[in-house]
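Colleague: My questions all concern the structure below.
The values are calculated or read from the model by the stated rules, or taken from the named source; none is laboratory data. Keep in mind it's a predicted model, so treat the numbers as computed, not measured. Positions of Cβ are backbone-derived with ideal geometry, glycine not excepted, and every protein chain shown enters the neighbour counts. Accessible surface is based on the protein model in full, side chains and every heavy atom, while ligands, DNA and RNA are left aside. Shrake-Rupley method; radii C 1.70, N 1.55, O 1.52, S 1.80 Å.
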Amino acid sequence: MKYIEPHAHMVSRTTDDYERMALAGCEAVCEPAFWAGFDRSSPAGFYDYFCQLTEHEPKRAAKFGLKHFCWLCINSKEAEDVKLAGEVIALIPQFLNRPNVLGIGEIGLNKNSRNELRVLEMQVELAATHEQLILVHTPHLEDKLKGTRLILDVLKNDQRIRPERVVIDHVEEHTVEMVLDCGMWAGMTLYPETKCTPARAIDILETFGQERLWMNSACDWGVSDPLAVPKTALEMKKRGHVASAIEKVIFSNPKSFLRQSGKFKV
């Protein structure tokens with residue numbers, strides 16, 4: 001069954017992962033800007049990273065028949081230095097017209113600090129000014145509920161932000177309802193150790209329905225699985241979900257959201 005991987009950090013993965021995803025039915029992979037596994041020391045490092053996401057990674061994916069799209073930002077793990085963040089954000093507009101750039105992301109919060117919140121507001125301003133889609137990272141574990149509330153407040157306070165053009169990622173059982181109630185999209189991240197297991201993600205779908213929900217692997221430097229989405233689709237089948245319902249979550253839903261950028265085509 002065909003699917004879209006709407007959140008994967010492929011610069012941290014091998015070419016074998018691209019091949020396995022293609023064999024599993026992946027039609028397109030979307031890569032939000034994120035942490036490099038270490039803190040970058042200057043805007044020049046981010047400039048090179050944005051070139052990697054917009055020039056080099058699409059070529060690597062194309063070797064396996066996969067379309068590669070990306071999002072640009074300074075991530076929340078590197079947002080404590082507001083001066084550096086401002087310099088990085090100033091670089092982004094020159095990349096927004098590149099053919100695989102979908103919007104601004106994954107912005108958000110990591111430790112819910114004052115500086116992170118300021119940088120989040122700066123990047124929401126960037127997205128609003130340039131009419132970009134927004135992909136949001138929510139904090140892990142015990143900080144998730146508070147962080148999600150703070151993020152939603154920032155987004156709702158800017159009248160230029162249309163909720164249907166925002167996806168709040170890494171939702172769990174205690175945050176998904178508040179995101180959907182705001183009219184935004186919700187992403188469930190399938191991690192082996194944290195965030196959602198396949199069983200929990202399917203429970204959420206069975207509780208809240210399938211509208212404005214998608215699943216992603218968010219595979220990166222840590223313990224993660226680039227085939228998490230098709231594996232969860234198989235679990236849905238085992239639970240008795242029909243093929244059309246599975247396809248809606250793993251293909252039609254992400255396609256519906258992402259095509260709002262005008263650049264996303266599969």
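Colleague: Here are some conditions: (1) of a type in the set (A, V, I, L, M, F, W, C); (2) out of contact with any helix residue (DSSP H, G or I) (no Cβ under 7 Å at 6 or more places or on another chain); (3) open to solvent by 60 Å² or more (accessible area, probe 1.4 Å). Phe64 meets all but one. Which one does it not meet?
Modeller: The failed condition is (2).
Colleague: Now for a separate question. Select from segment 156-175 the residues that are buried (at least 22 other Cβ atoms within 10 Å of the Cβ) and of a type in the set (A, V, I, L, M, F, W, C) and list them in ascending order.
Modeller: Result: Val166, Val167, Ile168, Val171.
Colleague: Here are some residues: Glu27, Glu5. Which one is crowded, with 23+ Cβ neighbours inside 10 Å and not small (Gly, Ala, Ser)?
Modeller: That would be Glu5, the only listed residue that is crowded, with 23+ Cβ neighbours inside 10 Å and not small (Gly, Ala, Ser).
Colleague: Now for a different question. Please determine whether any residue of segment 96-111 is in a helix (DSSP H, G or I), touching a residue at least 12 places away in the same chain (Cβ under 8 Å) and in contact with an Asp or Glu (Cβ under 6 Å, 6 or more places away or on another chain).
Modeller: Within segment 96-111, none of the residues are in a helix (DSSP H, G or I), touching a residue at least 12 places away in the same chain (Cβ under 8 Å) and in contact with an Asp or Glu (Cβ under 6 Å, 6 or more places away or on another chain).
Colleague: Restricting segment 118-155 to residues that are open to solvent by 20 Å² or more (accessible area, probe 1.4 Å) and in a loop (DSSP other than H, G, I, E, B), which is nearest to Asn216 (Cα to Cα)?
Modeller: Selected residue: His140.
Colleague: Can you tell me how many residues within segment 9-24 are of a type in the set (A, V, I, L, M, F, W, C), open to solvent by less than 30 Å² (accessible area, probe 1.4 Å) and farther than 15 Å from Tyr49 by Cα?
Modeller: 1
Colleague: List every residue pair whose Cβ atoms lie under 6 Å apart, where the two residues are 6 or more positions apart in sequence or sit on different chains, the first residue falls within segment 51-64 and is more than 15 Å from Val101 (Cα to Cα), and the second residue, located anywhere, is open to solvent by 60 Å² or more (accessible area, probe 1.4 Å).
Modeller: Correct list of pairs: Phe64/Glu19.
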